[in-house]
Amino acid sequence: VVTLKAFSKFENTAEALEAATKLLESAPSKGLRKFLRAHCDGETLGVADSKLGNAIKEKLKIDCVHNNAVMELLRGVRTQLTELISGLGAQDLAPMSLGLSHSLSRYKLKFSADKVDTMIVQAIGLLDDLDKELNTYAMRVREWYGWHFPELTKIIQDNIMYAKAVKLMGDRANAAKLDFSEVLPEEVETELKEAAVISMGTEISDLDLMNIKDLCDQVLNLSEYRAQLYDYLKSRMNTVAPNLTALVGELVGARLIAHGGSLINLAKQPGSTVQILGAEKALFRALKTKHSTPKYGLIYHASLVGQAAPKHKGKISRSLAAKAALAIRCDALGDDQDNSMGLENRAKLEARLRALEGKELGRSAGSAKGKPKIEVYDKDRKKGAGLITPAKTYNPAADSVLSQITNTAALDEQDTVPKKKKKVEAELPQIEKAAEVPAIEAKKEKKKKKKKADKEAGLPTNENEPENEEPTEKEKKKHQTEDVENAEVGEKKKKK
């Protein structure tokens, strides 16, 4: 079915690797283009990759076919390759393909975007270990040399300066004749020399001093290496994650990447997870005990959260985590490798921080140019001038109001009397219930008393009204119902 028309072999493994990587990217290599021009002019070419076929058609103007029949044909060619090509044994083909696959895997690992951040993870881990070791060694120097010169611990607080001073001085008796200007400030140097004269430390042998000096060398070497490692981490972070670095700084960014495992893994996390990354123990404890969950994890050490007041730290860390999540995705999956997005978001966060603290926004904080100053509106006042209307003068004619007062007093008295009458009428049923004397005669007597009171108050009364009127049927029924109600209320009160 198939016959060999032309065959071209690679000169070496490097050429084969280059051709294989080009084919993986669906692009024809230089050697393949030459070979196709020489042997496939005016022919139809069967290809296994449709994208590669499109590229060949565009560049070389050769018609390409990609279908199931072609794929089956190519499978057959691969199985019968040793028969088609003379001089190629099966024992040679297996090691060649294995070597090429190893080279290809190594090449992919070397240039994989996912694996670049492994250096950052290792560097931040080493930096934390160095800090611990450096602190332990420095404390050991202080404790060891403290037997000989205990006052020096309080005079020099910095560990590196302490190690340098001990290495230079040796025995405290040498302090008076030595110059510490390269190591210490002038006022600290004078204090040290004064303390060395009256120190109450024990004497120490030369062998002990030699060992202490060796330990000081270790501390200084470690601190120097730590500074170099920090510079390396800085450059790697600015290359791999520039936007994240602009937002939270190199150390916090590197710790977030190390905690997430890689930059790609971190890019898959939402802002809420980025916010509490590093505080998992506190989160699960809070969920278990039904307390409030933590507001921040590793992000707490970012400079923006540090600037905020304690009551605003939660809000700022939430906003920072949301922007950091966007910055991480931009770094991991975006094409642009500059930190413009990170700087823009940082400016916005700084503006938000100022707004929370109630300060006026400056020009540097994002696009906002500051809040307008709110002035109290005063209709009688012009801008930069005095009052529009003149000030009101005192009116002495308004003082003579005696006649008005007498008239109003008479009217008030007339108004108050009927109010009193209403009040008495409203209180009557309550008095009747409390006294439990629901008799018609008593009511008549009360009516007579009212009339007398009205006459004394000077209110008009109906003279035509008969004094001893017999009650009508309606009134009798009303009185009976009131009597029953009063009796029930009385019984209830007795029970109570």
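The values are calculated or read from the model by the stated rules, or taken from the named source; none is laboratory data. Every value quoted in this text rests on a predicted model; they were computed, and no experiment measured them. For neighbour counting, all protein chains shown are included, and Cβ atoms are generated from backbone atoms with ideal geometry for every residue, glycine included. Just so you know, the surface numbers come from the protein's heavy atoms only, side chains and all, with ligands and any DNA or RNA stripped out. Shrake-Rupley method; radii C 1.70, N 1.55, O 1.52, S 1.80 Å.
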For region 205-222, indicate whether the set of residues that are surrounded by fewer than 20 Cβ atoms within 10 Å (Cβ to Cβ), modelled with pLDDT under 95 and assigned to a loop (DSSP other than H, G, I, E, B) is non-empty. yes
Restricting to region 262-272, name every residue that is without any contact (Cβ under 8 Å) to a residue 24 or more places away in the chain and either assigned to a loop (DSSP other than H, G, I, E, B) or open to solvent by less than 60 Å² (accessible area, probe 1.4 Å) (or both). Lys268
Just for region 273-314: of the residues that are of a type in the set (Val, Ile, Thr) and not in a loop (DSSP other than H, G, I, E, B), which one is farthest from Glu357 (Cα to Cα)? Thr289
Among the residues of region 130-153, is any touching a residue at least 24 places away in the same chain (Cβ under 8 Å), in contact with a Cys (Cβ under 7 Å, 6 or more places away or on another chain) and either loosely packed, with under 14 Cβ neighbours inside 10 Å or over 30 Å from Leu298 (Cα atoms) (or both)? yes
Looking at region 3-47, which of its residues are within 23 Å of Ser86 (Cβ to Cβ), over 51 Å from the mean Cα position of the chain (by Cα) and hydrophobic (A, V, I, L, M, F, W, C)? Leu4, Ala6, Phe7, Phe10, Leu32, Phe35, Leu36, Ala38, Cys40
Would you check which residues across region 34-44 are in a helix (DSSP H, G or I) and exposed (fewer than 14 other Cβ atoms within 10 Å of the Cβ) and list them? Lys34, Arg37, Ala38, His39
Among the residues of region 68-88, count how many are surrounded by 10 or more Cβ atoms within 10 Å (Cβ to Cβ) and not in a helix (DSSP H, G or I). 3
Give me the pairs, please: first residue somewhere in region 214-235 and not assigned by the TED database to the domain that holds Asn339, second residue anywhere and of a type in the set (S, T, N, Q) and open to solvent by less than 30 Å² (accessible area, probe 1.4 Å), beta-carbon distance under 9 Å, and either six or more positions apart or on two chains. Lys234/Thr245
Quick check: anything in region 80-96 among the β-branched types (Val, Ile, Thr), over 30 Å from Glu194 (Cβ atoms) and over 36 Å from the mean Cα position of the chain (by Cα)? yes
Taking into account only those residues within region 9-31 that are within 25 Å of Ala69 (Cβ to Cβ) and open to solvent by 50 Å² or more (accessible area, probe 1.4 Å), which is modelled with the highest pLDDT? Leu23
Out of curiosity, is Phe7 aromatic (Phe, Trp, Tyr), more than 23 Å from His102 (Cβ to Cβ) and in the same structural domain as Gly87 (by the TED database)? no
Under 8 Å between Cβ atoms, at least 6 apart or on separate chains: pull out the pairs that start in region 181-204 with a residue that is open to solvent by less than 100 Å² (accessible area, probe 1.4 Å) and end on any residue that is β-branched (Val, Ile, Thr) and in a helix (DSSP H, G or I). Val188/Ile155; Glu191/Ile155; Leu192/Ile155; Ala195/Ile155
First in region 81-99 and at negative phi, second anywhere and assigned to a helix (DSSP H, G or I) and loosely packed, with under 10 Cβ neighbours inside 10 Å, Cβ under 6 Å, 6 or more apart: Thr82/Ala90
Out of all the residues in region 156-175, is one or more open to solvent by 60 Å² or more (accessible area, probe 1.4 Å), outside any helix (DSSP H, G or I), modelled with pLDDT under 95 and out of contact with any Phe, Trp or Tyr (no Cβ under 6 Å at 6 or more places or on another chain)? yes
Among the residues of region 231-252, is any modelled with pLDDT of 90 or more, surrounded by 20 or more Cβ atoms within 10 Å (Cβ to Cβ) and small (Gly, Ala, Ser)? yes
